[in-house]
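Each reported figure results from applying straightforward, stated rules to the coordinates on display, with no laboratory input. Computed from a predicted model, the values in this text were never measured in an experiment. All Cβ positions, glycine included, derive from the backbone under ideal geometry; neighbour counts span all protein chains shown.
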Amino acid sequence: MISCYIKKGNKLNVLEGVESLESFESNDDKNSVIWIDMLLPNIEEIRAVENMFDMKFPTKQESEEIELSSRYWEENNRIEINSYFLINDNNSAFNETVSFILQGNLLISVRYKKLQSFNTFTKKLLISPREFKTGYSIFCQIIDIRIDADADTIENLSKEITKIRKHVFTDYSNDDEEILEKISTFEDLNMKIRENLTDKQRILNSLLKSQKFVDDKHELPIMLKDIKSLIDHTNFNFERLDYLQNIFIGILSIEQNKVIKIFTIVNVIFLPPTLIASIYGMNFDFIPELHWEYGYIISIVLMVISSITPILIFKKKGWI
């Protein structure tokens, strides 16, 4: 699917489909295009855009490579950028790579997932098209929207960490596997956010050093400051999760020690009565107390006294 945004003066037109590109009759029509958004493009759509604007798109595999030369590439009048966009659903979080190509006043974006950041920006572009004069300004705004979304994700993650911390300290009810699974999920999400932010930081730093768009870089330092502060928050969340995991393991150990303590006390309490019963349960011919008239009652009393005595001693020492 191709969405072509054409701006002439303060008027913005939106054309859909690869057929819209074939309708351009002159170079003026092509020069009026400020943004081509390609969502799940097929081979025909990619080749049509490549031929019309004389460029080559990276393959999906090439765009997902992690070295800086693959994330940011600049040559002649073209800048190629591959940036992470975080997708966080209820089951998992992962970073989806979106490719951007800046060539003159034109921005081309190639993506293989529907992203909320693009939907948000598209609405903003249609409402106030005069604010966006070039593809570069569109790219900066999309990244800025994504940074704001990352900030919201970090804020929600911090709230969830606080909730689970309160749960561990106040409402702990032996749901060990569930708590450990949540901590692991939060760590994975925080790691993906950190990877996403670091990727954008490297890209924006490279763009800031570029000799292109020299007169229009006032937004980049602000976005870099925002990213730095968000990275600091992710570091803090890592520390909180490590601390929470250590605390939880400590509480788990205490709970296990309590169980072991109960079994130990029970064993000590019943050890003397067991000893008495074992002595008088032996099958020897010579047992002096065997024919006592009150032998059974006396043995029962001895077992009761031997059971109560350890309990009284433990209470006095504060062990139970």
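Assorted remarks:
- Only DSSP H runs of four or more residues enter the estimate; each adds -39500 (n - 2.57), and after division by the residues of the chain the mean residue ellipticity at 222 nm equals -21000 deg cm²/dmol.
- Ranking of 78, 130 by count of other Cβ atoms within 10 Å, fewest first: 130, 78
- Once the Cα gyration tensor of the range 169-320 is diagonalised, semi-axes √(5λ) in Å: 74, 13, 9
- For the chain, the Rg and Dmax computed from alpha carbons only, in angstrom: 35.2, 123
- Quotient of C-alpha Rg and 2.2 N^0.38 Å, computed over the range 262-317: 1.33
- Seen against the Cα atoms of the chain and their longest principal axis, helix 176-209 is set at about 30 degrees.
- Between 0 and 90°, nearest 10: helix 43-53 axis offset from the chain longest Cα axis: 40
- For the pair residue 89 and residue 298, the difference between a 0.36 nm per residue extended length and the Cα-Cα distance amounts to 68.1 nm.
- Paramagnetic label zone (point 7 Å from Cα along Cα-to-C-beta, residue 73; backbone N under 14 Å) in the range 196-235: none
- Entries of 114/163; 133/200; 124/159; 56/209; 114/166; 8/113 with Cα pairs more than 26 Å apart: 114/163; 124/159; 114/166; 8/113
- The order of 181, 195, going from fewest to most other C-beta atoms within 10 Å of their C-beta, is 181, 195.
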